[in-house]
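Colleague: Here it is, the structure in full.
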There are 4 protein chains.
Amino acid sequence: MSKTEKTELQAFLSKEFPQKNFLIESFEKNTVTVRRIVSSADLRPGGTISGPTMMDLADCALYVAVLREIGIVALAVTTSLNINFLRKPVAGKDLLGVCKILKLGRSLAVGEVSIYSEGDDEPVAHSVGTYAIPTDK
Amino acid sequence: MSKTEKTELQAFLSKEFPQKNFLIESFEKNTVTVRRIVSSADLRPGGTISGPTMMDLADCALYVAVLREIGIVALAVTTSLNINFLRKPVAGKDLLGVCKILKLGRSLAVGEVSIYSEGDDEPVAHSVGTYAIPTDK
Amino acid sequence: MSKTEKTELQAFLSKEFPQKNFLIESFEKNTVTVRRIVSSADLRPGGTISGPTMMDLADCALYVAVLREIGIVALAVTTSLNINFLRKPVAGKDLLGVCKILKLGRSLAVGEVSIYSEGDDEPVAHSVGTYAIPTDK
Amino acid sequence: MSKTEKTELQAFLSKEFPQKNFLIESFEKNTVTVRRIVSSADLRPGGTISGPTMMDLADCALYVAVLREIGIVALAVTTSLNINFLRKPVAGKDLLGVCKILKLGRSLAVGEVSIYSEGDDEPVAHSVGTYAIPTDK
């Protein structure tokens, strides 16, 4: 199980998500940060960023954090996601998802993602998700 | 608390979600069914419908079911969502989200949504979500 | 994969949970109902049944529903549980947990449990849980 | 909103949970740690600590962390709890639940709890819960 390089993962992401609105920001020892570029299509009337945009980021940050550990396995799939919306995101700012893996088992990975409006210290959402890892890889 | 008419709600939905990919299918006594029109932008390489597309539908079906009960209150917001992905959706089919309200309190509503590929009996995902209802309405 | 008999499962339950406060009430085609005998130790001051008592029942009803399908496999373990508390349970009544399996995969089962105070139609809690099934069984 | 003293909270806990198996370990700036004394009644055959024992601790640690912030309000109630079981707890050890509040709103608090076997660095479970705060307090 080798740590996949950031550039390789970014290339994979851009192919998997052709909207190209996810950028891998940083790879720390224990965390992965993914940026979701927010555009007008992600807003609801009134200027709020939609909930699904945050779920989308939570799912992607988890995906990146898991693939970083197990290598690029397109068949890894989300099996569950739980998200709590905490504060109203700032409309004109990108979102940052900071993912920490809680468990990396043979067939299941669990991680948590804190989501921030860029430049803000208090999370706008918090998510926990699980990924099934193909056991025949 | 009057039951909002289906056409009124559909008009509201189309304004709130300008992508216009949600259609209210049916209003039964206890359930609301919302169709998510699936297009190529919702697919991942390999033809799978993305997880966030299903979360998006769960969130919308809950929203419709809650607004049906409390009237059109744009300020109602999702506070949490939990989703389990159960089976691979059929790529060429729309998704149907069937929402049942579990609790309608003064300030909090809880509902569950079963998601199906059109024409299939077994759910592809199951979600439970909570909505905060503005108490000063 | 044979359906385990009710009496066999009840015997297993009474051994696994020596407090002997769970009774299998009914085995329908799609659902399993488990009774949680409520005693004074399960109450909080004021007469409310504690949240953990309901979680306990959700977990047990899921366990019974999964074992009914896969046979008695003591190594099946809960991997996650999500519960929403909907109404205050009736203090002097037992709780009934009605579990429906949403997915029975090779290595993962997902089910939902609606919890009722006996004699009441509206659920006091709703739970969704996942079970890992040992793949070498 | 004054921070409630640790001893006052411990006294309240011991009254609310007459089993007296919860001890407040520490009050840091951002976190609260609660010990669950594990006895033989909490074990399943084979020596595993039961899932509900961990849910019980998650719920209690959240309760303590919320009451610490809002003062002792017996009417604060859990509205939802999500838990992922990550590793097998060590049978002969107490459990420690470390709770961090993610949001403290006017009517809703959200917190996360990491659960450890005493002396072990890797969490055995991770939970996120929400509490409803009586608005007329």
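Colleague: Please go through (1) within 16 Å of the chain's Cα centre (by Cα); (2) under 20 Å from D:G46 (Cα atoms); (3) away from chain D (no Cβ under 14 Å) for C:L23 and return the number of the only condition it doesn't satisfy.
Modeller: With respect to (1) within 16 Å of the chain's Cα centre (by Cα); (2) under 20 Å from D:G46 (Cα atoms); (3) away from chain D (no Cβ under 14 Å), C:L23 is out only on (2).
Colleague: Before we move on, is A:I72 surrounded by fewer than 19 Cβ atoms within 10 Å (Cβ to Cβ), closer than 24 Å to A:A132 by Cα and touching a Phe, Trp or Tyr at 6+ places or on another chain (Cβ under 8 Å)? Outline the logic, then answer.
Modeller: Numbers: surrounded by fewer than 19 Cβ atoms within 10 Å (Cβ to Cβ): yes; closer than 24 Å to A:A132 by Cα: yes; touching a Phe, Trp or Tyr at 6+ places or on another chain (Cβ under 8 Å): yes.
It is true that A:I72 is surrounded by fewer than 19 Cβ atoms within 10 Å (Cβ to Cβ), closer than 24 Å to A:A132 by Cα and touching a Phe, Trp or Tyr at 6+ places or on another chain (Cβ under 8 Å).
Colleague: Now a separate question. With the structure loaded, tell me whether A:V128 is at pLDDT 95 or above, buried (at least 20 other Cβ atoms within 10 Å of the Cβ) and out of contact with any Ser or Thr (no Cβ under 6 Å at 6 or more places or on another chain) or whether it fails that test.
Modeller: Yes; evaluated as a whole, the condition is true for this residue.
Colleague: With the requirement that a residue be modelled with pLDDT of 90 or more and within 14 Å of the chain's Cα centre (by Cα), what does the range A:70-83 give you?
Modeller: Within the range A:70-83, A:T78, A:S80, A:L81, A:N82, A:I83 qualify.
Colleague: Moving on to the next point. If you check B:L95, B:L102, which single one turns out to be within 23 Å of C:V110 (Cβ to Cβ) and within 12 Å of the chain's Cα centre (by Cα)? Give the derivation first.
Modeller: Details: B:L102 fails: within 12 Å of the chain's Cα centre (by Cα).
Checking each option against the conditions leaves just B:L95.
Colleague: Just to confirm my filter: which strands (runs of 3 or more DSSP E) fall fully inside the range B:76-137 and include at least 1 residues that are under 22 Å from B:E28 (Cβ atoms)?
Modeller: Working: elements: B:77-85, B:95-104, B:108-117, B:125-132.
Result: B:95-104, B:108-117, B:125-132.
Colleague: Any idea which residue in the range D:39-69 is nearest to C:I72 (Cα to Cα), counting only those that are among the β-branched types (V, I, T) and in contact with a Leu (Cβ under 9 Å, 6 or more places away or on another chain)? Lay out the reasoning, then the answer.
Modeller: Within the range D:39-69, the first condition is being among the β-branched types (V, I, T), and the residues that meet it are D:48-49, D:53, D:64, D:66.
With the extra rule that they be in contact with a Leu (Cβ under 9 Å, 6 or more places away or on another chain), the set shrinks to D:49, D:53, D:64, D:66.
Working: D:I49: 19, D:T53: 22, D:V64: 38, D:V66: 40 Å.
Ranking the qualifying residues of the range D:39-69, first place goes to D:I49.
Colleague: Test each condition in (1) buried (at least 24 other Cβ atoms within 10 Å of the Cβ); (2) more than 11 Å from the chain's Cα centre (by Cα); (3) modelled with pLDDT of 95 or more for C:L86 and report the one that comes out false.
Modeller: Here C:L86 clears every test but (1).
Colleague: Please give the number of the condition C:A61 fails out of (1) hydrophobic (A, V, I, L, M, F, W, C); (2) buried (at least 19 other Cβ atoms within 10 Å of the Cβ); (3) facing chain D (nearest Cβ under 8 Å).
Modeller: With respect to (1) hydrophobic (A, V, I, L, M, F, W, C); (2) buried (at least 19 other Cβ atoms within 10 Å of the Cβ); (3) facing chain D (nearest Cβ under 8 Å), C:A61 is out only on (3).
Colleague: Could you look through the range B:32-56, keep only residues that are touching a residue at least 12 places away in the same chain (Cβ under 8 Å) and polar (S, T, N, Q), and pick out the one that is surrounded by the most Cβ atoms within 10 Å (Cβ to Cβ)? Spell out how you get there, then give the answer.
Modeller: Initial filter on the range B:32-56 (touching a residue at least 12 places away in the same chain (Cβ under 8 Å)): B:32-39, B:43, B:47-49, B:51, B:53-56.
Keeping just the survivors that are polar (S, T, N, Q) gives B:33, B:39, B:48, B:53.
Working: B:T33: 20, B:S39: 11, B:T48: 16, B:T53: 24.
In this case the residue turns out to be B:T53.
Colleague: Let me ask something else about it. Taking the range D:47-75, which residues are β-branched (V, I, T) and assigned to a helix (DSSP H, G or I)?
Modeller: Hits for the range D:47-75 are D:T53, D:V64, D:V66, D:I70.
Colleague: Restricting to the range C:32-48, give me the number of residues that are modelled with pLDDT of 90 or more and either in contact with a Lys or Arg (Cβ under 9 Å, 6 or more places away or on another chain) or within 8 Å of chain D (Cβ to nearest Cβ) (or both).
Modeller: Within the range C:32-48, the subset modelled with pLDDT of 90 or more is C:32-38.
Retained after the next criterion (residues that are either in contact with a Lys or Arg (Cβ under 9 Å, 6 or more places away or on another chain) or within 8 Å of chain D (Cβ to nearest Cβ) (or both)): C:32, C:37-38.
Of the residues in the range C:32-48, 3 are modelled with pLDDT of 90 or more and either in contact with a Lys or Arg (Cβ under 9 Å, 6 or more places away or on another chain) or within 8 Å of chain D (Cβ to nearest Cβ) (or both).
Colleague: Would you point out the residue of the range C:89-107, among those that are in contact with a Ser or Thr (Cβ under 6 Å, 6 or more places away or on another chain) and without any contact (Cβ under 8 Å) to a residue 60 or more places away in the chain, that is surrounded by the most Cβ atoms within 10 Å (Cβ to Cβ)?
Modeller: Per the criteria, the residue is C:P89.
Colleague: Same structure again: Inside the range B:1-31, can you point out the residues that are modelled with pLDDT of 85 or more, assigned to a loop (DSSP other than H, G, I, E, B) and surrounded by 13 or more Cβ atoms within 10 Å (Cβ to Cβ)?
Modeller: B:N21
Colleague: Please go through the range D:75-94 and pick out each residue that is more than 11 Å from chain A (Cβ to nearest Cβ), among the aliphatic types (A, V, I, L, M) and touching a strand residue (DSSP E or B) at 6+ places or on another chain (Cβ under 6 Å).
Modeller: D:A76, D:V77, D:V90
Colleague: Do any residues in the range B:3-27 that are among the charged types (D, E, K, R) have Cβ atoms under 8 Å from those of residues that are in a helix (DSSP H, G or I), where the two are at least six apart or on different chains, and which pairs are they?
Modeller: As it stands, the answer is B:K3/B:R68; B:K3/B:E69; B:K20/B:S14, since those pairs meet every condition given.
Colleague: Please determine, by comparing only the residues of the range D:108-125 that are in contact (Cβ under 8 Å) with a residue 40 or more places away in the chain and β-branched (V, I, T), which one is surrounded by the fewest Cβ atoms within 10 Å (Cβ to Cβ).
Modeller: D:V124
Colleague: Quick check on the range D:1-18: of everything there that is more than 15 Å from the chain's Cα centre (by Cα) and within 12 Å of another protein chain (Cβ to nearest Cβ), which residue is nearest to C:P18 (Cα to Cα)? Quick ask: steps written out before the conclusion?
Modeller: Taking the range D:1-18 and keeping what is more than 15 Å from the chain's Cα centre (by Cα), we get D:1-5, D:7-8, D:11, D:15, D:18.
Next, only the ones that are within 12 Å of another protein chain (Cβ to nearest Cβ) stay: D:15, D:18.
Details: D:K15: 26, D:P18: 21 Å.
Among those residues, the one meeting the criterion is D:P18.
The values are calculated or read from the model by the stated rules, or taken from the named source; none is laboratory data. Predicted model, so just to flag it, every value in this text is computed and none were measured. Backbone-built Cβ (ideal geometry, glycine too); neighbour counts: all protein chains shown.
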